[in-house]
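Following: one structure in structure tokens, then a few remarks.
The values are calculated or read from the model by the stated rules, or taken from the named source; none is laboratory data. Everything numeric here is computed off the predicted structure, so don't read it as measured data. Cβ atoms come from the backbone with ideal geometry, glycine included; neighbour counts cover every protein chain shown. These area figures cover heavy atoms from the full protein model, side chains too; ligands, DNA and RNA do not enter into them. Shrake-Rupley method; radii C 1.70, N 1.55, O 1.52, S 1.80 Å.
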Amino acid sequence: MKRGFGSKLALMAAISLVASLQTACAQVAPPNGGASSTSGANGAQRAGAGTQQRFWYDGENRRELQVDPDWIVDFRATRPNLERRATLPGATQNAEKEATLAPGQSVVLRDETGAPRALPGGVIVRLHERDVGEAQKLFAELGVVPVRALDPQQRTWLVEAPAGLESLALANRLHDSGRFESAAPNWWRPRALK
Amino acid sequence: MRSVSPYARAIAISILGLLAACGGGGGGGGGSSSGSGGDDGNPDGPVQLAQQNCSFAYAPQKPSAGTGADPLLSRQWHLRNEGQSGGRVDEDVRAIAAWSSSGKGEGVRLAIVDDAIETLHEDLFPNLAAFRNYRPGAAPDTHPLPCAPDDTHGTAVAGIAAARDGNGMGVAGVAPRVALAAYNALAAGLESDVADALRRGADVTGVYSNSWGSPDRTGALNASGATFRNAILDGVALARGGRGAVYVFPAGNGGCPASAAPCSPDNSNYDGYVNARGIVTACAVDIDGQAPSYAEPGANILVCGMSDRGTSGPGITTTDVQNRYRFDFSGTSASTPMVSGVAALVLQANPSLTWRDVRLILARSARKNDSGDSGWQENAARLSVHPYYGFGVVDAAAATALARSWSSVGGSGSLRSCSYAKSPNLALHDATTVSDTIQVPADCTIGNIEFVEIGFSATHSYSGDLRVELLRSDPASPPAVLAASRTCRNDSGGQISCGSYDNWVFGSVRNLDEPAQGKWTLAVSDTVTGNEGTWTAWSLTLWGR
């Protein structure tokens, strides 16, 4: 179903929130003029002091992200969605704001276009083909707990990690271990119904 | 016109139903499936409803069966257009013509991967073969039913592909006797759910229909991610005993009609989902056979289905939530399940076909719509191709006829590739065009290209300034515009970054059936003054036989 037409989008709430968030956080790039860095520029930069840069691995490609300190996704809800975060009075630094997150909540991270992502928990790992029969042994060796296989061949697995930045750290650690073909967070991302 | 189902009415006074629908509490959680479909819901068993707070109420009972003509069939101009809704006669997908010669999808499983789907709908349940509920807190083997008034999308999509015919109710799908699998993998927005659903039941699933993708009308690059791409590559390589599944995704609705200004028009090559190898990218044409106002161009577009104009006139008639029907479904969400339904009819006509065969059959049998439009050009293999229409509108009758006599080109195992990479390190100055050429040598023996991947890396302080075009002069083939110069915008019209070209991969089918050998040139223009950069690298991977 087209955006802007028809009466209903199943993800309308998420998308409209994304839209309003992008509006609020839009990096006002020079109107095809004056030089400025557009890379990574978004609401996090506007927020100033709270900005924190992170990264993840999309396959072998390292992708930069920035924490948006003003928004969270609450995965305790039936339908996870972006929410403007409530913070402790006086909490202006990112670390202080992070401390206000409850288990099951995630910070919002943004790529350079401002598109949001969040960390519901879990890491998706893809085994090297040679290790498919040794998955449990490998998991035990690395101290990770499998949740479920995501394919009939049992090559791609969701493994346990708590919601939030801990799962990003685990994904990067598993990637850096070299023991997997890929390791990436189990991202939450808004997708558009067409 | 809209009816309320007997079971929906019954629930209003059914304590059991109320408890089931609105009782609250948790279900089985994420489950522990192996991704093999082992704990999918079973339509033959008792109806299991998730326990959650919902606006909609459903009774734990199956809808009654019926016989007789489908009362809304005549409204479904996309199946056979006799001018009943206006527009051009014969602008349709030739589905009814195909049914009489090839069947209606019997024996083929078609999965809808979407948000909630009303699997207990009277016109969907008779074809239901499998389902899984991904909604947080719901047991996986419960029905993936809509929960809120805006949860209508998946139900509409499912009806277009797979509504039951001849049951005296509602509408008919393009493949009205297909075995329907319903996966609400977008319910929580999680990567793991999508990855799971795209391989679920892969041993028996012929087609996965997906009416979702990247946000539209931003102009920004939106990557899909390795998890998604691996799911597709697994599916085409391993599903159906190695013959592979057909994955259909929408080109998108990112065109910018005047009413949508300010907005940034998309090209489907900005969408990482439909650039992925293994995807059938589906566009839409309207009841006149022309591009709707929301259409996007793209080198990855293979074929179109029918949909609305985007301005006025008829939409698509299909199933709606609460056992109702609707007449206004729209966008490439509507055209995508039509293409999927035709793919299912093709697989029924010849079950031995591979995923590659189906793609080729859809393209070669497609109908050249809007034939007077100047966008149509012949590629070097003499195939007519159009930036908005790909190879044209799917023609179920022609496709199933071709399928019956088709000699398979093989599956993923026999697909060959040739890869080349260069690092031109060319400065991208304002208002200039630079180009670089890869000469594919004779030792690349691909005589028939099936897919082209163009990797592109450039540093530029505003990537939207760049126009990227793929050219072939030997043999001569029409240019493919992979990216246009643009200002990227959010929904409110505010300017945003367009993303960076950091090994961004454009997919293209424009060179279908051409030989690989020859000159391939990438031309990059910085059309706007003020920002400059460097074209650091590009790669060319040709897939075919």
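Brief remarks follow.
- Scope the range B:75-96; condition in a helix (DSSP H, G or I) and closer than 15 Å to residue B:176 by Cα; matching residues: B:95, B:96
- Only helices (runs of 4 or more DSSP H) whose full extent lies in the range B:307-410 are considered here, and the ones with at least 1 residues that are of a type in the set (Gly, Ala, Ser), open to solvent by less than 20 Å² (accessible area, probe 1.4 Å) and within 18 Å of residue B:513 (Cβ to Cβ) are B:355-364, B:396-404.
- In the range A:173-189, the condition of being in contact (Cβ under 8 Å) with a residue 12 or more places away in the chain, open to solvent by less than 20 Å² (accessible area, probe 1.4 Å), more than 11 Å from chain B (Cβ to nearest Cβ) and outside any strand (DSSP E or B) is met by at least one residue.
- Yes/no for residue B:142 being buried (at least 22 other Cβ atoms within 10 Å of the Cβ), polar (S, T, N, Q) and within 22 Å of residue B:167 (Cα to Cα): no
- Applying the condition of being in contact with a Phe, Trp or Tyr (Cβ under 6 Å, 6 or more places away or on another chain) and more than 9 Å from chain A (Cβ to nearest Cβ) to the range B:181-192 and asking which residue is nearest to residue A:188 (Cα to Cα) yields B:185.
- Residue pairs whose Cβ atoms lie under 6 Å apart, sitting 6 or more positions apart in sequence or on different chains, and linking a residue in the range B:414-429 that is in contact (Cβ under 8 Å) with a residue 24 or more places away in the chain to a partner that is open to solvent by 50 Å² or more (accessible area, probe 1.4 Å), are B:428/B:532; B:429/B:532.
- Residue count for the range B:28-46 under the criterion of being crowded, with 20+ Cβ neighbours inside 10 Å and at pLDDT 90 or above: the result is 3.
- Tally of residues being more than 26 Å from the chain's Cα centre (by Cα) and either over 30 Å from residue B:378 (Cα atoms) or of a type outside the set (Phe, Trp, Tyr) (or both) across the range B:488-534: 25
- Per-region count, the range B:246-260, residues touching a residue at least 60 places away in the same chain (Cβ under 8 Å) and within 12 Å of chain A (Cβ to nearest Cβ): 6
- Residues in the range B:273-295 that are open to solvent by less than 10 Å² (accessible area, probe 1.4 Å), within 29 Å of residue B:542 (Cα to Cα) and within 12 Å of chain A (Cβ to nearest Cβ): B:273, B:274, B:281, B:282, B:283, B:284.
- A single entry from B:229, B:199, B:217 fulfils the requirement of being touching a residue at least 40 places away in the same chain (Cβ under 8 Å), under 22 Å from residue A:182 (Cβ atoms), at the interface with chain A (Cβ under 9 Å from one of its Cβ atoms) and part of a loop (DSSP other than H, G, I, E, B): B:199.
- All positions within the range A:150-172 that are of a type in the set (D, E, K, R) and either under 16 Å from the mean Cα position of the chain (by Cα) or at positive phi (or both): A:160, A:166
- Breaking point among (1) at pLDDT 55 or above; (2) within 11 Å of chain B (Cβ to nearest Cβ); (3) outside any strand (DSSP E or B), for residue A:37: (1)
- Residue satisfying all of: in the range B:507-532; of a type in the set (A, V, I, L, M, F, W, C) and outside any loop (DSSP other than H, G, I, E, B); surrounded by the fewest Cβ atoms within 10 Å (Cβ to Cβ) among these: B:523
- Looking only at residues in the range A:68-86 that are crowded, with 18+ Cβ neighbours inside 10 Å and farther than 19 Å from residue B:191 by Cα, the one that is modelled with the lowest pLDDT is A:85.
- Tallying residues that are outside any loop (DSSP other than H, G, I, E, B) and touching a residue at least 60 places away in the same chain (Cβ under 8 Å) within the range B:100-118 yields 7.
- When residue B:490 is tested against (1) surrounded by fewer than 24 Cβ atoms within 10 Å (Cβ to Cβ); (2) touching a residue at least 12 places away in the same chain (Cβ under 8 Å), only condition (1) is not met.
- Close pairs from the range B:322-333: first within 11 Å of chain A (Cβ to nearest Cβ), partner among the aromatic types (Phe, Trp, Tyr) and outside any helix (DSSP H, G or I), Cβ under 9 Å, at least 6 apart: B:328/A:5; B:330/A:5; B:330/B:294; B:331/A:5; B:331/B:294; B:332/B:249; B:332/B:294; B:333/B:212
- Which numbered condition residue B:450 fails, given (1) away from every other protein chain (no Cβ under 14 Å); (2) surrounded by fewer than 16 Cβ atoms within 10 Å (Cβ to Cβ); (3) charged (D, E, K, R); (4) more than 22 Å from residue B:288 (Cα to Cα): (2)
- The requirement of being among the aromatic types (Phe, Trp, Tyr) and open to solvent by 10 Å² or more (accessible area, probe 1.4 Å) is satisfied by residue B:125.
- Checking residue B:303 against (1) of a type outside the set (Gly, Ala, Ser); (2) touching a Ser or Thr at 6+ places or on another chain (Cβ under 7 Å); (3) more than 9 Å from every other protein chain (Cβ to nearest Cβ), the condition it does not meet: (2)
- Qualifying position, being modelled with pLDDT under 95 and touching a strand residue (DSSP E or B) at 6+ places or on another chain (Cβ under 9 Å), among B:513, B:474: B:474
- For the range A:140-169, filtered to residues that are open to solvent by less than 20 Å² (accessible area, probe 1.4 Å) and more than 14 Å from every other protein chain (Cβ to nearest Cβ), the residue that is nearest to residue B:295 (Cα to Cα) is A:164.
- Filtered by the rule that a residue be part of a strand (DSSP E or B) and of a type in the set (Asp, Glu), the range B:246-303 gives a lone residue, B:271.
- Per the listing B:543, B:504, B:538, the residue uniquely touching a helix residue (DSSP H, G or I) at 6+ places or on another chain (Cβ under 9 Å) and part of a strand (DSSP E or B) is B:504.
- When each of B:159, B:105, B:170, B:137 is tested for being within 14 Å of chain A (Cβ to nearest Cβ) and crowded, with 24+ Cβ neighbours inside 10 Å, the lone residue that passes is B:159.
- Test: residue in the range B:460-476 that is farther than 21 Å from residue B:356 by Cβ, within 14 Å of chain A (Cβ to nearest Cβ) and open to solvent by 50 Å² or more (accessible area, probe 1.4 Å): yes
- Out of B:118, B:122, sole residue that is over 23 Å from the mean Cα position of the chain (by Cα) and more than 26 Å from residue B:313 (Cα to Cα): B:122
- Selection within the range B:173-217: residues that are among the basic types (Lys, Arg) and open to solvent by less than 10 Å² (accessible area, probe 1.4 Å). The member of this set that is nearest to the chain's Cα centre (by Cα) is B:199.
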